[in-house]
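Engineer: Can you read through this structure? Questions will come right after.
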Amino acid sequence: MSKNNSLAHFEPVNLYEFEALAKLKLPKMVYDYYCSGADDQYTLQDNIEAFKRLRLIPRVLIDISAQDISTTILGVPSSFPLIIAPTAMQRMAHHEGECATARAAAKNGVIMTLSSWSTTNIEDVAKAAPRAPRWFQLYVYKDRDVTAKLVRRAEKAGYLAIALTVDTPRLGRREADIHNKFSLPSHLTMANFTNDDGEKSHMEKGSGSGLAAYVASLIDRSLSWKDIAWLKSITRLPILVKGIVTRADAEIAVRNGVAGIIVSNHGARQLDTSLATIDCLEEVVAGAQGKVPVFVDSGIRRGTDIVKSLALGAQAVQIGRGVLWGLAVGGEEGVDRVLKLLRDEFELALGLCGCRTVKDIRRDMVVRTSELSFGLTQSNGHLHGMSNYSNHSRL
Ligand SMILES: Cc1cc2nc3c(=O)[nH]c(=O)nc-3n(C[C@H](O)[C@H](O)[C@H](O)COP(=O)(O)O)c2cc1C
Ligand SMILES: CCCCCCC(=O)C(=O)O
C-alpha cells in the first residue's frame with residue numbers, strides 16, 4: 001500500500017477489518033446500503049454463522065511444497081476459485097468504481113461480474129481491462145427491448161457469460177435504506193441506461209428507499225422459467241442463473257439448458273429468514289447432477305469458507321461486499337489487497353488441510369458441528385465422551 005492513502009497507518013489483515021475501515025470512510029447512506037440485509041437481518045447473520053457450524057478435518061504429513069490453487073471456470077483459467085460477484089453502483093465507494101474493480105480483477109487473474117446497475121457503462125469497464133475475462137449480470141426489464149440491448153452490448157464488448165439474477169422480482173426490504181431515503185448521489189448515473197430524453201438514468205429521491213421505487217417501476221415481476229428460452233434466443237453467450245437455493249429449482253434450471261448455477265441469497269438482501277447458502281449448497285449440487293458447474297456466494301469472508309464451499313461441491317465462490325470494502329478503502333489497490341488476502345488465506349487453509357491442489361479437496365474434509373456427538377452420554381452407569389470421529393475411517 002502506498003504511504004499516501006488511509007491504509008498507511010493501519011493495514012487490515014482480514015475482510016472484517018476492511019469493512020471497519022470502509023465504514024469510517026463512506027457516507028452513512030452508502031455504507032448502510034452496502035452492508036444491509038433485509039428485514040431483521042437474520043439471514044445476514046446466518047450466512048456467516050453457517051460457515052462457523054462447519055469444521056475442517058485436516059490430514060497431515062502430505063507434501064504441499066508445490067501448491068497450485070488455480071482452476072478453470074467455464075473453460076477460462078482462474079488463479080484461484082473466486083469470482084467477483086456483481087454489486088451495483090460501485091462509484092459510490094470510490095470515484096473509479098467498476099473500472100478499479102476490473103483492473104484489480106485482471107491483475108489477480110479472476111473473473112469479474114459487472115452489475116446491470118453499474119455506475120460505469122459496459123463498454124468503459126471492458127476498456128479498463130481489455131483482455132480480462134468478465135461476466136455480465138442481467139436484470140430483466142419490463143421493456144424487453146431495453147433488456148435485449150443490454151445483452152447485445154455485453155456480448156459485443158467481449159463479456160463471456162450472462163448471469164441472470166432470479167431472486168429479485170421485487171426488492172427486499174432494507175430498513176436502513178428506508179430511513180436514509182437512499183438514492184444514487186446526483187453526480188452518478190445508472191450508466192447503462194438512458195431515459196426517454198436520451199439522458200443517463202438517475203434515481204429519484206422520494207419518501208422511502210429510492211431504489212425500491214426504481215425497481216418497482218422498471219423490473220419485470222413476471223419473469224419465469226420460459227424466459228430462459230427467450231434469453232437463449234437473443235444471445236450465444238452461456239447463461240447462468242444466480243439466486244437458486246433448492247434442488248428442485250436446480251433440476252429445472254438444468255432442464256432449461258443453463259450453463260451454470262449460482263447458489264445465492266443475494267447476500268441476505270432479499271428474503272429474510274431464508275437459509276444460509278452454504279446450508280443449501282449440497283442440495284443444489286445434487287439437483288445439478290454434475291451436468292453444470294455450481295457456484296456459491298453470500299457470507300464468504302475467509303479462505304476457510306472457500307475450502308468448505310468447494311468441499312460441499314461448489315466449483316468456485318463469489319464475493320460481494322468484500323470487494324466493496326476494498327474499493328472504499330483504497331480503490332483498485334484496496335480491491336487488489338482484498339483479493340490477495342483471500343487468495344493467501346485460501347492457499348494456507350488448503351495446505352493446512354493437506355491439499356496440494358483444488359482437485360484434492362474432498363467432501364469428508366468438512367463436518368457439520370450438529371453431526372458431531374462430543375457430548376457426554378451415559379452407559380452402564382458410566383459417562384463416556386463420544387465422538388462420531390471414532391467411526392471416521394481416516395482418523
Ligand atoms: C451493495 C450490494 C449490491 C448488489 N448488487 C447486485 C446486483 O446489482 N446484481 C446482483 O445480481 N446481485 C447484487 N448483489 C448481490 C451480490 O451479487 C452477491 O450475491 C452478494 O453480495 C454475496 O454476498 P456477500 O456480500 O456476503 O459476499 C449486491 C450485493 C450488495 C451487497
Ligand atoms: C432488480 C433489483 C435491483 C437491485 C439493484 C442492486 C442490488 O441488487 C442490491 O442488492 O442492492
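The values are calculated or read from the model by the stated rules, or taken from the named source; none is laboratory data. Keep in mind it's a predicted model, so treat the numbers as computed, not measured. So basically every Cβ, Gly included, is an ideal-geometry build from the backbone, and we count neighbours across all protein chains shown. When the accessible area is computed, the model is the full protein with side chains, heavy atoms only, and any ligands, DNA or RNA have been set aside. Shrake-Rupley method; radii C 1.70, N 1.55, O 1.52, S 1.80 Å.
Engineer: Scan (1) in contact with a His (Cβ under 9 Å, 6 or more places away or on another chain); (2) more than 16 Å from ligand 1 (Cβ to nearest atom); (3) of a type in the set (A, V, I, L, M) for the single condition Met190 breaks and write down its number.
Structural biologist: Just one mismatch for Met190, condition (2).
For every residue, the table says whether it meets (1) under 26 Å from Ala259 (Cα atoms); (2) free of Cβ contacts under 8 Å to residues at least 40 places away in the same chain; (3) within 15 Å of ligand 1 (Cβ to nearest atom).
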residue: Tyr42; (1), (2), (3): no, no, yes
residue: Ile64; (1), (2), (3): no, no, no
residue: Val76; (1), (2), (3): yes, no, no
residue: Phe80; (1), (2), (3): yes, no, no
residue: Ala85; (1), (2), (3): yes, no, yes
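Engineer: Ok, one more. Quick check on this structure: which one of Ala268, Ala311, Ala349 is over 20 Å from Ile111 (Cβ atoms), of a type in the set (A, V, I, L, M) and within 11 Å of ligand 1 (Cβ to nearest atom)?
Structural biologist: On the way: Ala311 fails: within 11 Å of ligand 1 (Cβ to nearest atom); Ala349 fails: within 11 Å of ligand 1 (Cβ to nearest atom).
Just a single option satisfies the conditions, and that option is Ala268.
Engineer: I'm trying to understand the selection: among the residues of the stretch 111-139, which are among the polar types (S, T, N, Q) and more than 14 Å from ligand 1 (Cβ to nearest atom)?
Structural biologist: If the condition is that a residue be among the polar types (S, T, N, Q) and more than 14 Å from ligand 1 (Cβ to nearest atom), then Asn121 is the only one that fits.
Engineer: How do the strands (runs of 3 or more DSSP E) wholly within the stretch 55-106 filter down when requiring 1 or more residues that are within 16 Å of ligand 2 (Cβ to nearest atom) and either out of contact with any Pro (no Cβ under 6 Å at 6 or more places or on another chain) or open to solvent by 30 Å² or more (accessible area, probe 1.4 Å) (or both): which remain?
Structural biologist: Correct list: 82-84.
Engineer: If Leu21 meets every condition in (1) open to solvent by 20 Å² or more (accessible area, probe 1.4 Å); (2) within 16 Å of ligand 1 (Cβ to nearest atom); (3) closer than 18 Å to Gly334 by Cβ apart from one, which number is that one?
Structural biologist: Every listed condition holds for Leu21 apart from (2).
Engineer: Condition test on Ile228, is it surrounded by 18 or more Cβ atoms within 10 Å (Cβ to Cβ), touching a residue at least 12 places away in the same chain (Cβ under 8 Å) and under 21 Å from the mean Cα position of the chain (by Cα)?
Structural biologist: Values: surrounded by 18 or more Cβ atoms within 10 Å (Cβ to Cβ): yes; touching a residue at least 12 places away in the same chain (Cβ under 8 Å): yes; under 21 Å from the mean Cα position of the chain (by Cα): no.
So Ile228 does not fit the description; no.
Engineer: Here's a follow-up. Among the listed residues Val335, Val329, Val296, identify the single one that is in contact with a Cys (Cβ under 9 Å, 6 or more places away or on another chain) and aliphatic (A, V, I, L, M).
Structural biologist: Val296
Engineer: Moving on. I'd like the residue in the stretch 145-164 that is open to solvent by 10 Å² or more (accessible area, probe 1.4 Å) and in contact with a Phe, Trp or Tyr (Cβ under 8 Å, 6 or more places away or on another chain) and, out of all such residues, is farthest from Trp225 (Cα to Cα).
Structural biologist: Leu160
Engineer: Sticking with this one: Looking at the stretch 271-299, which of its residues are of a type outside the set (Ser, Thr, Tyr), within 16 Å of ligand 2 (Cβ to nearest atom) and surrounded by 22 or more Cβ atoms within 10 Å (Cβ to Cβ)?
Structural biologist: Of the residues in the stretch 271-299, the ones of a type outside the set (Ser, Thr, Tyr) are 271-272, 275-276, 278-297, 299.
Next cut, within 16 Å of ligand 2 (Cβ to nearest atom) only: 271-272, 297, 299.
Hits for the stretch 271-299 are Asp297, Gly299.
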